[in-house]
Amino acid sequence: MPIKRVWAPQIDFSVLRRELGLPGEFPAEVLAEAEQSAGTTPGGADRTDVPFVTIDPAGSQDLDQAMHLSRRDGGGYRVRYAIADVASFVRPGGLIEAESWVRGQTVYLPDGRIPLHPPLLSEGAVSLFADVDRAAVVWTIDLDATGATTGVSLERARVRSRAKLDYPSVQRELDGGSPSEPVALLAEIGTLLARRASERGAVNLPLPAQEVVRDGDGWRLVLEAPLPVEEHNAQISLLTGMAAARIMLDGGIGMLRTMPAPKPEAVAKLRAAAGSLGVTWPAGATVGAVVASVDPGSPRGAAFLDQAAELLRGAGYTVFGGDAGPAPEDAGHGGVGAPYAHVTAPLRRLADRYVTEACLALHENRPVPQWARDALPRLPKQMSTTDRLAGAADRGAIDLAEAVLLEGRVGERFEAAVLDREDASAKRPAGGTVALDDPAVRARCLGDLPLGTRIQVRLTVADPATRTVRFERA
């Protein structure tokens, strides 16, 4: 798997924390409530006989999901997806709930995360660790041989994971051709679900993870393509989110994650950019098919996928039911190609706790709890705000690392692909966006930039203080 690493000297990320106003330590009274809550005994049905496993990035401690995949008699598959039951540990109207509304979601920075819930819960009593009983909401989704959903159920349950797996080790098992039983069907089911997604017009972007990681006294800027097993795992999560959306739409109340379909002009722009990056776009091929053909581990492939992300704009949260009125006619998600909802990451995302409660109530044919019903109309604003905050933290860390990395190379020339261009106006000169192959940096460049070409550029600014990198056409 191609990995690009570039070393940078010591970087102070605390400025980002201050600038973005990120929360610090949890108040003492919140921690005290968390300590009391940590003693909660898992309730619900006993599903400890199901050999669930978790699959996460190596080192993860906030384990939201555990899965068990099996074949069904007569053909098809059964997907069991256990999601950490956060609501059983967070008292409505309590201090932990109030603090979680301040935070909205876990924010990740290279020098540490800013968690949504106290670590005593999110990395302790609620996390789905192996060999201990844990509280979960278990989704059971039956599929036919083509991957089409034939049945959905969910319940509160007590579960016991058998193993804490990580993506690299599972990928090695799959590559070896003899994976262990807990993950033997992951690639098979994931491939079927991805094929169905392509057929319904979904746009899946396997964006490389550009991260800043510790390296002795400094940091490394790492560009790493997602492993195939990560994409297979994502399909299980998407399957569950689509099942949740259908339950809420049928029940007439809930909250969806929505996004308009890609606009034709944006697709045309991406097609033009493909030429400069050496990406083949056959006649009649869909965006999803072209995206799937790109190597996300190469700098050029990464740049193409980064540009393709421009297609997926306008994501939001749509609440319906009660005073919010009925669900809109266009309640789909352009990237998923179907209605979709967030339910699979309640340890890291505020909305999932409330949406899960709505799904449980509707599935059990009972009223949605008032505390969840009252929260739904407030969630879109809070989630959108914290989505922007998390994005700013992630982008700010990368911008800072890039500026530090290139600080001593001002004046040097680089080969770059033109991804975007802007004509001169009264407010700004002509320019656009370019992507370097090495190092894998994407930044603004001044000059007349012919879209769909490769050009020579000169680095003119690399300022860590303002986290700015700029080029001009050479």
Just to be sure before I move on: is Gly147 in contact (Cβ under 8 Å) with a residue 24 or more places away in the chain, assigned by TED's automatic domain parsing to the domain that holds Asn365, crowded, with 19+ Cβ neighbours inside 10 Å and part of a helix (DSSP H, G or I) in the structure I sent?
no
Is there a residue in the stretch 244-259 that is part of a loop (DSSP other than H, G, I, E, B), over 20 Å from Gly337 (Cβ atoms) and in contact with a helix residue (DSSP H, G or I) (Cβ under 7 Å, 6 or more places away or on another chain)?
yes
Show the residue pairs that are 6+ apart or on different chains and have beta-carbon atoms under 7 Å apart, the first residue being within the stretch 159-173 and within 24 Å of Val138 (Cβ to Cβ), the second being among the hydroxyl-bearing types (Ser, Thr, Tyr).
Val159/Thr48; Arg160/Thr48; Ser161/Thr54; Lys164/Thr54; Leu165/Thr54
Given the residues Val457, Val461, which is the only one that is over 20 Å from Ala274 (Cα atoms), surrounded by 13 or more Cβ atoms within 10 Å (Cβ to Cβ) and not acidic (Asp, Glu)?
Val461
Here is a list of conditions, (1) in contact (Cβ under 8 Å) with a residue 24 or more places away in the chain; (2) farther than 30 Å from Glu224 by Cβ; (3) charged (D, E, K, R), and Asp463 meets all of them except one; can you say which number that is?
(2)
Of the criteria (1) buried (at least 17 other Cβ atoms within 10 Å of the Cβ); (2) hydrophobic (A, V, I, L, M, F, W, C); (3) over 21 Å from the mean Cα position of the chain (by Cα), which one Val137 fails:
(3)
Which strands (runs of 3 or more DSSP E) does the stretch 358-474 wholly contain that include 2 or more residues that are more than 29 Å from the chain's Cα centre (by Cα) and of a type in the set (Lys, Arg)?
454-463
Among the candidates Ala361, Ala341, Ala390, which residue alone is aliphatic (A, V, I, L, M) and buried (at least 23 other Cβ atoms within 10 Å of the Cβ)?
Ala341
The listed residue being buried (at least 18 other Cβ atoms within 10 Å of the Cβ), farther than 24 Å from Glu415 by Cα, outside the structural domain of Ala416 (by TED's automatic domain parsing) and not hydrophobic (A, V, I, L, M, F, W, C), out of Gly288, Gly284, Gly316, Gly301
Gly288
By residue number, the members of the stretch 275-300 that are free of Cβ contacts under 8 Å to residues at least 60 places away in the same chain and in a helix (DSSP H, G or I) are Val290, Ser293
Please determine whether any residue of the stretch 343-352 is over 19 Å from the mean Cα position of the chain (by Cα), in a loop (DSSP other than H, G, I, E, B) and among the aliphatic types (A, V, I, L, M).
no
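This table checks each residue for (1) closer than 30 Å to Ala184 by Cβ; (2) at pLDDT 85 or above; (3) of a type in the set (Gly, Ala, Ser); (4) more than 23 Å from the chain's Cα centre (by Cα).
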residue	(1), (2), (3), (4)
Leu221	no, no, no, no
Pro228	yes, yes, no, no
Asn233	yes, yes, no, no
Ala243	yes, yes, yes, no
Trp281	no, yes, no, yes
Ala289	yes, no, yes, no
Pro296	yes, no, no, no
Gly314	no, yes, yes, no
Gly322	no, yes, yes, yes
Give the stretch 199-225 a look and list any residue that's crowded, with 18+ Cβ neighbours inside 10 Å and touching a strand residue (DSSP E or B) at 6+ places or on another chain (Cβ under 9 Å), or say none.
Ala202, Pro208, Gln210, Val212, Trp219, Arg220, Leu221, Val222, Leu223, Glu224, Ala225
Scanning the stretch 425-469 residue by residue, the ones that are closer than 11 Å to Glu402 by Cβ, in contact with a Leu (Cβ under 8 Å, 6 or more places away or on another chain) and not aliphatic (A, V, I, L, M) total 4
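The values are calculated or read from the model by the stated rules, or taken from the named source; none is laboratory data. Please read all numbers here as calculations on a predicted model, not as lab measurements. For neighbour counting, all protein chains shown are included, and Cβ atoms are generated from backbone atoms with ideal geometry for every residue, glycine included.
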